[in-house]
């Protein structure tokens, strides 16, 4: 791990600081699973927030904040957004529209301020969201997070299927 933040990390942390919410930055080495990242950041897997890029249409994306132990409930998300079709862009497109590679994506400092939908479980706890670089997380109050991002809060996830 380098002492110098990546461009993405610097951009994310500057945007996080500008948001006015309280946060703690946790840095750790690369991890190979969400469970490893949660342990490194000192939170339960449910407290990890995955930032998922979702495509609504041509040059129309949004971020969905998903608790680490859950997955997007596509029918509920489509109903919330009033659309019949959603998709996830490939890794290169996600990087192009956010400025972050997969595994580092965060709404903070994204190249464009896409709308945010947060699962209702995010607001009720302390969470860790990506910090724009591998092995970088920001621990924040979930309610402050959704307020700072102007997120629409709704029940848009299901439990991860049992392995």
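Test residue 67 against the stated conditions and say whether it is closer than 20 Å to residue 161 by Cβ and surrounded by 22 or more Cβ atoms within 10 Å (Cβ to Cβ). Criteria met by residue 67. The residue list 51, 104, 71 contains one member that is modelled with pLDDT of 95 or more, under 23 Å from residue 136 (Cβ atoms) and either part of a helix (DSSP H, G or I) or under 13 Å from the mean Cα position of the chain (by Cα) (or both), which is 51. Suppose we filter 21, 25 for residues that are touching a strand residue (DSSP E or B) at 6+ places or on another chain (Cβ under 7 Å), assigned to a strand (DSSP E or B), farther than 23 Å from residue 156 by Cα and touching a residue at least 12 places away in the same chain (Cβ under 8 Å); which single one remains? Only one candidate passes the filter, namely 25.
Residue 102 meets each of the listed conditions (1) without any contact (Cβ under 8 Å) to a residue 12 or more places away in the chain; (2) more than 21 Å from residue 127 (Cα to Cα) apart from (2). Exactly one residue out of 84, 32 is at pLDDT below 95 and over 24 Å from residue 109 (Cβ atoms): that is 32.
Of all the criteria given as (1) in contact (Cβ under 8 Å) with a residue 60 or more places away in the chain; (2) touching a strand residue (DSSP E or B) at 6+ places or on another chain (Cβ under 7 Å); (3) surrounded by 16 or more Cβ atoms within 10 Å (Cβ to Cβ); (4) more than 18 Å from residue 160 (Cα to Cα), the one not satisfied by residue 80 is (3).
Selection of region 136-163 for residues being in a loop (DSSP other than H, G, I, E, B) and touching a strand residue (DSSP E or B) at 6+ places or on another chain (Cβ under 6 Å) yields 149, 151, 156, 160. Within the option set 65, 111, being within 13 Å of the chain's Cα centre (by Cα) and either in contact (Cβ under 8 Å) with a residue 12 or more places away in the chain or within 23 Å of residue 20 (Cβ to Cβ) (or both) holds for one residue only, 65. Inclusion of residue 133 among residues that are surrounded by fewer than 22 Cβ atoms within 10 Å (Cβ to Cβ), over 17 Å from residue 44 (Cβ atoms) and either modelled with pLDDT of 95 or more or under 14 Å from the mean Cα position of the chain (by Cα) (or both) is not warranted.
The values are calculated or read from the model by the stated rules, or taken from the named source; none is laboratory data. The shown structure was predicted, so the numbers you read here are calculated from the model rather than taken from an experiment. Note that we place each Cβ from the backbone using ideal geometry, even for glycine, and neighbour counts take in every protein chain shown.
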